[in-house]
Amino acid sequence: MELFEILRVSLTSLKANKLRSSLTILGIIVGIFSIIAISTIIAMLRTSIEEGVSSLGSNTFQVQKWPAVRIGGHGSWAKYRNRKNITSDNFDDLETKLIESKAVSATSGRRGRVIKYGNEKTNPNVGIYGVTPSSFITRDWNVEF
């Protein structure tokens, strides 16, 4: 078969099977779009995780009751809920025992709170946190005035 005959047979087949041809093209477009969308989502997640971890600094670790990354279904939180709360005495013990460390800090807080002052109040999405002074070192926070 010559090239022109192959092209003629192909175009004839496309014209005769318009629905099949359009569905095939639609499938290819959806597949390519899905691959691009998933690649974009993975890149965004990677960037978000890298930014979150980089804020901790290079030589830090955290001790906390709840895991930093949520893995598992709805019932997986029960095993973390039953852990003992970390107290200020636990922090004091760590601070006295970690004599080689540059800084030891503690952070405690709640999210989703309403702040009220007089007759005014905020949306229920405010986070309230208490930190020790060394948290500015361990979290690499800078205060600007």
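Any read-out appearing in this document is the output of simple, stated calculations on the displayed coordinates, not a laboratory observation. No experiment lies behind these values; they were computed from the predicted model shown. Heads up, the Cβs are rebuilt from the backbone with ideal geometry, glycines too, and the neighbour counts pull from every protein chain shown.
Each of GLU50 and GLU2 was given a label point 7 Å from its Cα along the Cα-to-Cβ line. The distance between the two points is 5.6 nm. Given +1 at the Cβ of Lys and Arg, -1 at the Cβ of Asp and Glu and no other charges, the dipole of the range 3-54 around its Cα centre is 460 debye to the nearest 20. Mean-square fluctuation check for the chain, GNM, Cα pairs under 10 Å: which of PRO124, PRO67, PRO133 is largest? Of PRO124, PRO67, PRO133, the most mobile in the Gaussian network model is PRO124.
Once both labels are positioned 7 Å from their Cα atoms along Cα-to-Cβ, the gap between LYS102 and PHE136 label points is 1.6 nm.
Per-residue extension of 0.36 nm, minus the Cα-Cα distance of SER76 and ILE35, leaves a gain of 11.7 nm for this segment. In the chain, the ratio of gyration radius to Kirkwood radius, Rg to Rh, stands at 1.31 when only Cα atoms are counted.
Cross-link reach is defined here as a Cα-Cα straight distance under 19 Å, omitting same-chain residues fewer than 8 places apart; for LYS65 the aspartates and glutamates meeting it are ASP89, ASP92, ASP93, GLU95. Normalised by 2.2 N^0.38 Å, with N the number of residues, the alpha-carbon radius of gyration of the range 65-145 equals 1.43. If the segment from ILE28 to ALA16 were pulled out straight at 0.36 nm per residue, it would be longer than the present Cα-Cα gap by 2.3 nm.
Each of ALA37, ASN82, LEU19 was placed along the dipole of the range 18-145 (beta-carbon charges, centred on the mean Cα), and the one lying farthest toward the positive end is LEU19. Computed from the C-beta positions of GLN64 and TYR117, the FRET efficiency with R₀ = 30 Å rounds to 0.50.
In the chain, the longest principal axis of the Cα atoms and the axis of helix 18-54 are about 20 degrees apart. Relative to the longest principal axis of the Cα atoms of the chain, the long axis of helix 88-97 lies at roughly 90 degrees. Taking other residues whose beta carbon is less than 14 angstrom from the beta carbon of PHE136, and scoring Lys, Arg as +1 and Asp, Glu as -1, yields 0.
Taking every pair of Cα atoms in the range 3-54, average 1/r, invert it to obtain the Kirkwood radius, and report Rg/Rh to two decimals.
When Rh is taken as the Kirkwood radius, the ratio is 1.43.
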